[in-house]
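The values are calculated or read from the model by the stated rules, or taken from the named source; none is laboratory data. This one's a predicted model, so the numbers in the text were calculated from it and none came from an experiment. Virtual Cβ from ideal backbone geometry, glycine too; neighbours counted across all protein chains shown. Each accessible area value is taken on the protein alone, full model and side chains, heavy atoms only, with ligands, DNA and RNA left out. Shrake-Rupley method; radii C 1.70, N 1.55, O 1.52, S 1.80 Å.
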Amino acid sequence: MKFERFCDHIHVLRTPFGAVTSAVTLVEGKEGCTLIDSGANDETVRSCILPALREFGADGRDMRRLLCTHTHGDHIGGHFMLKQLFPDMEIVVTERQAPKVADPLLYNIRIRSVYPAYSAPPSYGLRGVAADRVLMEGERVAGLVSVPAAGHDDDCVGWLHEASGTLISGDALQGGGTETQGIALYFDLDAYRKTLERMEKIGAERILAAHDFRLAGAQAESSAACRAYIDCCRAVTEEYDRILHEIGSTGTPKAAEILIERTGGKMPEYLFLAMYTVDAHYSCTNMKRKEKVSQ
Ligand SMILES: [Zn+2]
């Protein structure tokens, strides 16, 4: 497994994460190398990231900073070990990301506590790191600027590489969700839609997403393809709205199952992520909140 060239100065390593992959992106610049996201755990660092860095010809001195697109376990699970291995590498976060990077397990447990009967066990191996640098909104770092991208979660950002017009979107643009989620995942539909608008206005020339999302894919490589990618994400939210209106009041778990079935997704082992999306639609202004089925 090695870093594949995405465009000038940007390389991507798609590390394993269960049945899907999670991207670790390497950005080369005058100020050394920047990594964005770190995969799911120590094992990813040991068996994928380190050999790939070696193959790429980068060593500890080249690794100047580590950023993340958001603080879910599949994106920051390697942060702790990478910092142990490269102590001079700066951990750079946004203000919103700082507390969750410091204690990702707490957050991982919290999002599994809303629907315990439908949730996967917490990722107890997750360890936190202290931030070396906290960016103000819009502050640039090594040719990258953070674009607020709430919706999937409140600490999501897209990293815009200005020289190439590449938007490193993490999970901010969900397409139809990953294979293992069943459907797109967002905690806040209003925020997600605003993110889609913001991303459209940026007019990126390329999109590099963290996962190979159903319907939208893992990347887009022209301005027109970027617009189509974002349109696809928007159409998905509209389709979910339509289906949820149609099926009426069935309670969150049943609605999540129907949504997955009707949109052709694979039924996940745990339903909690899809249930967050259903609730995001229920809480949105134009839909009445339905009663949740009690646990
Ligand atoms: Zn993810």
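Computed values, structure above
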read-out	value
Degrees, to the nearest 10: 252-262 long Cα axis against longest axis of the chain	80 degrees
For G158, residues with placed amide H under 5 Å, excluding near neighbours	V147, A149
For the chain, with +1 on Lys and Arg beta carbons and -1 on Asp and Glu, the positive-most of V129, G170, I247 along the dipole	I247
Most mobile of T44, T250, T237 in a GNM of the chain (Cα contacts under 10 Å)	T250
Approximate spin-label separation D154-K254, in nm, with each point projected 7 Å along Cα-to-Cβ	3.2 nm
Of K2/K30; K30/K83; K83/K194, pairs whose Cα-Cα distance is over 24 Å	K83/K194
Relative contact order [Cα under 8 Å, 6+ residues apart], the range 175-282, whole percent	39 percent
Nearest-20 debye value, the chain charge dipole, Cβ charges on Lys, Arg, Asp, Glu	340 debye
In order through the range 212-229: 3J(HN,Hα) via Karplus (6.51 cos²θ - 1.76 cosθ + 1.60), integer Hz, x for Gly, Pro	8, 6, 4, 6, 8, x, 9, 6, 9, 10, 7, 4, 5, 5, 5, 4, 5, 4
Mean ellipticity per residue at 222 nm, deg cm²/dmol - from DSSP H runs of n ≥ 4 across the chain, formula -39500 (n - 2.57)	-9500 deg cm²/dmol
Candidates G170, G138, G203: whichever shows maximal mean-square fluctuation once the chain is modelled as a Gaussian network with Cα springs under 10 Å	G138
The range 1-70-the range 101-151 distance, computed between alpha-carbon centres (Å)	18 Å
Relative contact order %, the chain, counting alpha carbon pairs below 8 Å whose residues are six or more apart	14 percent
Å² per residue, accessible surface of the chain at 1.4 Å	43 Å²
Among G73, Y282, I10 the positive-end extreme of the charge dipole of the chain (Cβ point charges)	Y282
Area of M136 that stays accessible when all protein chains are in place (1.4 Å probe, Å², to 10)	110 Å²
Highest-first arrangement of 45-52, 242-249, where packing means the average Cβ count within 10 Å	45-52, 242-249
Accessible area of the chain belonging to carbon and sulfur atoms, whole % at 1.4 Å probe	50 percent
In degrees, nearest ten, helix 189-202 long axis to first principal axis of the chain (Cα)	50 degrees
Binned Cα-Cα distance frequencies in the range 4-236 - 10 Å width, integer %	8, 36, 40, 16, 1
